[in-house]
1. Evaluate peptide A:6-12: per residue, the Cβ atoms of other protein chains within 10 Å of its Cβ; return the mean as an integer.
2. Please express the Cα-Cα pair-distance distribution P(r) of region B:189-245 as a list of whole percents, one per 10 Å bin, running from 0 to the bin with the greatest distance.
3. Taking beta carbons within 10 Å but only from partner chains, what does the mean come to for residues B:130-137?
4. Quick one: Debye curve from the C-alpha atoms of region B:1-64, no solvent, what's log10 I(q)/I(0) at q = 0.17, 0.25, 0.27, 0.28 Å⁻¹?
5. For peptide B:19-28, how many partner chain Cβ atoms fall within 10 Å of a residue's Cβ, on average?
6. Take each of the peptides B:157-170, B:126-139, average the number of other beta-carbon atoms within 10 Å over its residues, and list them starting from the highest.
7. List the residues whose amide H sits under 5 Å from the amide H of B:Arg187, counting only those 5 or more places along or on another chain, with H placed 1.01 Å from N in the peptide plane.
8. Could you order peptides B:16-23, A:7-14 by the average number of other Cβ atoms within 10 Å of their residues, highest first?
Amino acid sequence: MGVEQALSHVPALRRYARLLTGNAAQADDLVQDTLERACAKWPLWRPGTALRAWLMTLMHNLYLNQARDRRHDDGHASLEQANEPSHEPLARAPEMIDLQRAVARLPPALRTVLLLVSVEEYTYAEAADILGVPIGTVMSRLHRARESVRAMMGPPGGELPRPALELVKK
Amino acid sequence: MTESTSSIDDGDLHAFVDGQLDAARLPAVLAYLRAHPEQAVRAAEWQAQRSGLRAWHRAQEPGATPGAMAATVMRHRRRRDAAPWARAAAAVALLAIGAAAGHFWPGSAGPADRLASAPAFVRDAAVAYAVYTPEVRHPVEVSGSEQDHLVQWLSRRLGRPLHAPVLQDRGFRLLGGRLLPGAPAPRAQFMYEDARGRRTTLYVAVFPDGAAPRETAFRSLRKEDGESFYWMEDGYGYALSADLPTAELQALAREVYAQLYPGR
């Protein structure tokens with residue numbers, strides 16, 4: 001049983017990475033890096049445990065490290081720019097554009113929790129395992145993520161306000 | 001406010017939205033939402049975010065797995081297999097397969113031959129099968145409707161004449177094919193599909209004189225996601241892979257062999 005099992009998870013990883021990065025090319029780079037990391041660390045994977053969750057852990061570590069490096073290099077504004085979604089087939093629906101922009105503006109640590117729970121349907125405990133944080137941190141990040149998106153989406157038809165993270169700290 | 005609803009916190013509301021709420025708490029949460037319309041609005045907006053994200057996710061169509069991703073994993077696998085213990089493990093697996101299946105054809109392979117691990121191209125074929133047969137939109141690079149062009153193109157790239165067997169009589173039509181990385185020459189994959197949507201791939205590797213793996217009889221390699229029948233002939237290596245009953249796949253393989261090497 002070898003690392004080639006990871007290939008059956010690649011389509012799911014690529015779809016998820018597109019939401020995480022907001023950009024198809026960055027998403028594929030991230031998945032490629034994840035597979036290389038998986039090959040290098042393959043002896044550490046314990047057969048019988050969920051391979052998808054292990055790959056998700058590798059991908060999130062890479063993603064959060066890269067996001068942190070980029071912020072240190074370029075400042076926060078360019079990170080937000082880089083995450084502007086640009087390839088979305090559903091982009092014609094205005095609410096969808098607002099939602100995508102709001103998610104792109106979330107700090108990476110909040111975005112990861114929101115997507116793991118909402119899209120991949122991991123339990124809070126599984127998300128905590130994948131991210132290597134306590135479950136209480138998952139809950140508070142999830143809450144901050146949802147309240148930030150709510151604030152950014154604003155009232156229907158309203159202007160898009162700036163993220164108001166200080167208002168929603170739990 | 002009753003005592004039970006006063007203990008409801010944000011965590012309960014998130015769990016409610018995400019379907020992770022303990023069933024025993026559901027009545028208290030519902031009562032709380034009825035008593036606090038502004039909280040009900042908030043939970044509904046979270047719910048809408050969740051639905052929107054899921055719709056966005058469903059709309060993603062990343063297409064065929066890029067060759068670089070498959071190549072990364074295949075390279076690693078080959079390095080691993082170079083280790084003697086890995087070869088030994090593969091040999092043991094093959095011995096088990098050989099003993100269980102007993103369908104070697106057309107030659108007769110002795111027990112010593114069965115111990116030899118499968119040639120690298122067969123594992124590449126199994127990986128390529130696993131990667132490309134689940135593709136809904138891009139299973140092939142060139143469609144079977146351009147069969148002449150497809151076969152000419154792949155023959156040119158592999159440097160030897162190829163043929164795509166016709167398996168229509170057995171219910172499988174040619175979907176098309178693709179070029180895949182390989183050494184010393186690129187490889188070809190033909191994909192077929194039957195009326196039930198079951199897919200099978202014929203993977204072809206070519207080897208220059210002296211570089212070919214030893215000629216083998218007809219053999220099989222079983223993995224959890226399917227089985228490959230493979231053989232070597234005239235410097236070509238073939239692997240027919242599918243997730244089909246062994247007898248059906250074996251019959252298909254015989255048909256392929258008969259068309260490629262009539263009279264042998």
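1. Other-chain Cβ atoms within 10 Å of each residue's Cβ, averaged: 6.
2. 23, 46, 25, 6, 0
3. Other-chain Cβ atoms within 10 Å of each residue's Cβ, averaged: 2.
4. Here log10 of I(q) over I(0) equals -0.61, -1.04, -1.15, -1.21.
5. That average works out to 1.
6. With the highest mean Cβ count within 10 Å placed first, the list reads B:126-139, B:157-170.
7. Those lying under 5 Å, H to H, from B:Arg187 are B:Leu180, B:Gly182.
8. A:7-14, B:16-23
Computed from the coordinates by the stated procedures, all read-outs in this text should not be read as laboratory data. Predicted model only: the values in this text are computed from it and were never measured. Neighbour counts run over all protein chains shown; Cβ positions are idealised from the backbone, glycine included.
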